[in-house]
Every structure is written in structure tokens, then in C-alpha cells.
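Visitor: This is the structure I have questions about; it appears just below.
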Amino acid sequence: MKASIKLLIAVNVLAFLLIGCGANEEAKKEEGHEEHSEIVKLSAESIKQIKLETETVSLQPFTGYLTIPAKVITNQDNEAQIGSLVQGRVHRVFVKVGDFVTAGQILMTVEGLDVGEIKAGFLIAKAALDYTKANYERQRKLFDEKIGSQKVLLESQAEYEKALAEYKAEDKKIHSVGLSDEDVTDGKMSEEHTSGTLPIKSSINGIVVERNVVIG
């Protein structure tokens, strides 16, 4: 649609320029007539003799066509280039040029050491967070019941807050490479979600127009 609009605009400008040039030429001719020529009037007999026909100007469909150079480009606001942010080997490719894909659909998988380390870091941070959170809540309950000490409570709180900060950092890391929490924590991972494999997903609905990737 955008390309069509551009073509129409180009045609209108061209027509305007052509009309403008014609108007200038006509103006020059009229100026010349005022100085060097006289008005020629034809009699009814002369008009009949030369078979001159006249017609009232009216709006009619343009049946001709124009051939002009143009370039069709995509709307870059609706275009996405999908790739991997970590180093690795292309494990599998699931789409080809011309395929329609939806947002979130897996296009290919990449496997490598970096992928495994990123997932492991997240799982370790999550385990530490779960443990320190449970311990902090237990110490809080004991303190409220006048059984636990304030020192132990504060220590457990500090450990929990540290684990929470580390978890947020690891969580941000996995999301930055296109992984979700479920991709890492799901206990029923398929072949595409093994520990060293990173699924590369589409960010938009669309059609694959270019594929610069091969397995390996």
C-alpha cells in the first residue's frame, strides 16, 4: 500500500509538471500573438468545408497508462530481523521463505555453551531465592511469636534480599536473549528446549521473506 501511494504521488507530480509546462508555453504563445499575430475567425462555410469538429470539455476516465521507474520497498515499521544474541551452532531451522509465522513461534534453535551457562545461572539463582525466602519467612514468624532473635531475622532478611537481586539479574539475562522463565524451569522440556539449546522466536506475525541461516 505504501509503494502504491508513492507511485500515485509520482504520477500526480509528473502530470502537474507537464500541465505547468504547457501553461507556460501557452502563455508565451499568447504573448506572441498579441504582438505579431491576428485573431483568425472561421466562417461557418469554412468550418463545414474542412470538417472541423468541436466538443465541450468534460471529465472522462483516463484509458491510457504511464510507464515510470519505481522501487517497491517494505514498511520498515512492520519488519523484523530475527537472530541470536549468543554464540552457538544452528541446531534446527523450522521455517523457509514464504512461510507465515506468528509472534512467539519458534523459527530455529541454537545450541552452545553460553546457552547452558545462562540457563544454569538462572536456575541456581532461583533455587537460592526460594531457599532464602522460605528461611526469612520462617524467622519472621518465630520473631513475631517471641521465639526467634532479631539478629537471626535480620541476617535471613539480608540473605533473602541478596538472593532476590541476583535472581532479578539472571532473570533479565535470560529475557534479553529471548528466553522466558518457562523455557528454563519447565520440567517437561522438549528437544527444542534442552539445557544447551536456545529457541529463537518470531517477535511479530508475518511472512518469511529472507533466510540467511543453515544448520551447523
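Visitor: When ASP183 is evaluated against the numbered criteria (1) assigned to a helix (DSSP H, G or I); (2) within 16 Å of HIS91 (Cα to Cα), which criterion, by number, is the only one it fails?
Guide: All conditions pass for ASP183, except number (2).
Visitor: Something else about it: Which ones in region 138-157 are loosely packed, with under 14 Cβ neighbours inside 10 Å and more than 54 Å from the chain's Cα centre (by Cα)?
Guide: GLU145, LYS146, ILE147, SER149
Visitor: In the set GLU25, GLU38, GLU34, GLU55, which member is over 30 Å from GLY216 (Cα atoms), at pLDDT 50 or above and not in a loop (DSSP other than H, G, I, E, B)?
Guide: On the way: GLU25 fails: at pLDDT 50 or above; GLU38 fails: not in a loop (DSSP other than H, G, I, E, B); GLU55 fails: not in a loop (DSSP other than H, G, I, E, B).
Matching residue, one of GLU25, GLU38, GLU34, GLU55: GLU34.
Visitor: Moving to a separate point now. Among the residues of region 41-89, which ones are β-branched (Val, Ile, Thr), loosely packed, with under 10 Cβ neighbours inside 10 Å and free of Cβ contacts under 8 Å to residues at least 12 places away in the same chain?
Guide: Of everything in region 41-89, those that are β-branched (Val, Ile, Thr), loosely packed, with under 10 Cβ neighbours inside 10 Å and free of Cβ contacts under 8 Å to residues at least 12 places away in the same chain turn out to be ILE50, THR54, THR56, VAL57, THR63, THR67.
Table: residues versus (1) more than 30 Å from GLU111 (Cβ to Cβ); (2) at pLDDT below 95.
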residue	(1), (2)
LYS146	yes, yes
VAL152	yes, yes
LYS162	yes, no
TYR167	no, no
SER176	no, yes
GLU182	no, yes
GLU191	no, yes
THR194	no, yes
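Visitor: Kindly indicate whether ASP130 is acidic (Asp, Glu), assigned by TED's automatic domain parsing to the domain that holds ASP181 and without any contact (Cβ under 8 Å) to a residue 24 or more places away in the chain. Step through it out loud before you land on a result.
Guide: On the way: acidic (Asp, Glu): yes; assigned by TED's automatic domain parsing to the domain that holds ASP181: yes; without any contact (Cβ under 8 Å) to a residue 24 or more places away in the chain: yes.
Against the criterion (acidic (Asp, Glu), assigned by TED's automatic domain parsing to the domain that holds ASP181 and without any contact (Cβ under 8 Å) to a residue 24 or more places away in the chain), ASP130 qualifies.
Visitor: Select, from ILE82, ILE106, the only residue that is at pLDDT below 85 and closer than 14 Å to VAL208 by Cα.
Guide: Details: ILE106 fails: at pLDDT below 85.
Step by step, each of ILE82, ILE106 is checked, and only ILE82 is at pLDDT below 85 and closer than 14 Å to VAL208 by Cα.
The values are calculated or read from the model by the stated rules, or taken from the named source; none is laboratory data. Remember, predicted model here, so these are calculated numbers, not experimental data. Every residue, glycine as well, gets a Cβ built from its backbone with ideal geometry; the counts of neighbours run over all protein chains shown.
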